[in-house]
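Here is the structure we will look at.
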Ligand code: AMP
Ligand code: MG
């Protein structure tokens, strides 16, 4: 129709200045948009708009008890949303912008919609490094809630095509910034004056966090801190996943590590950062392949390998 908005639902747009401005206008009008970050693609909406947040949960089919990460442009925006302590400030100075999410007490009058935090008295904050996400937050001028841009429980997206395959019909626009450089979701820590608790392993290593603030990092045991989203089953590719498999069965799609053999070598050179960047694309490829199951080479459990193995363990949990 002449004069109507030419945007089709799920349209992939190269993330240039005009597309970022159009995405910001959609978000200010209460819609959500898929956007690249350095970790995975996010489904971003105005964190202060309850209807936009409801639309994010609906598009993903995400359970309402699983709170969202709120993305900020800078410390000024972050200070308005949470009550900060000294270790959290030190961590932000060392690792923001970047793949670190901190859970802090929610500030009264933050303006954040209750569904963002699933009613918890805490908020999860991240200042992302990706230039497209940073430009989008700046253009909207408000904090953006953004979970991964995929149907809840399925493999996270690291390309615009992954988003289109999972959510294409449910989001008005997908900003295409190419493949995500890091490829795994952020490290999440709950930060108190005297304690740091790892809620989700990720690209920023627990030991590096502890070293910056001189606190030992505790592993989440479910007792003290409410971390409702750490579900055992997640990243499900829709078929069985065999872990630690260096001699795969003939009918398996083999995701290998440290060798060129296999259906999808994560990193022939045995580089864990490269393997992390390829992991979700490999799981998407395995899901789309005709093979009835997926087999994965053992991944060394150090450095970012711990985050890779965390995701793989959840991908292997059956219904
Ligand atoms: P995703 O959006 O899929 O990357 O998941 C975000 C993760 O952050 C989920 O596992 C949530 O449970 C976690 N999260 C968000 N807000 C909080 C919070 N206030 N306290 C603890 N965990 C949180
Ligand atoms: Mg997710």
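At-a-glance table
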read-out	value
When residues of segment 77-90 are limited to those that are surrounded by 21 or more Cβ atoms within 10 Å (Cβ to Cβ) and within 21 Å of the chain's Cα centre (by Cα), the one nearest to residue 187 (Cα to Cα)	88
Enumeration of residues in segment 187-196 that are within 12 Å of ligand 1 (Cβ to nearest atom) and either part of a loop (DSSP other than H, G, I, E, B) or under 24 Å from residue 275 (Cα atoms) (or both)	187, 188, 189
Single residue of 210, 178, 214 found to be at pLDDT 95 or above and either buried (at least 22 other Cβ atoms within 10 Å of the Cβ) or more than 19 Å from residue 309 (Cβ to Cβ) (or both)	178
Some residue of segment 51-63 being assigned to a loop (DSSP other than H, G, I, E, B) and touching a strand residue (DSSP E or B) at 6+ places or on another chain (Cβ under 9 Å)	no
Among residues of segment 171-186, those that are over 15 Å from residue 20 (Cα atoms) and away from ligand 1 (no atom under 16 Å from the Cβ), counted	2
Hits in segment 135-165 (condition: away from ligand 2 (no atom under 11 Å from the Cβ) and under 25 Å from residue 117 (Cβ atoms))	136, 137, 138, 139, 140, 141, 142, 143, 144, 145, 163
Residues (part of a loop (DSSP other than H, G, I, E, B) and either surrounded by 24 or more Cβ atoms within 10 Å (Cβ to Cβ) or within 12 Å of ligand 1 (Cβ to nearest atom) (or both)) located in segment 137-165	143, 146, 147, 149, 150, 151, 152, 153, 155, 156, 157, 158
Residue match in segment 67-76 (condition: part of a helix (DSSP H, G or I), more than 18 Å from the chain's Cα centre (by Cα) and away from ligand 2 (no atom under 15 Å from the Cβ))	yes
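The values are calculated or read from the model by the stated rules, or taken from the named source; none is laboratory data. Just so we're clear, the structure is a prediction, and the values are computed from it rather than from any experiment. Ideal geometry is used to build each Cβ from the backbone, glycine not excepted, and the neighbour counts take in all protein chains shown.
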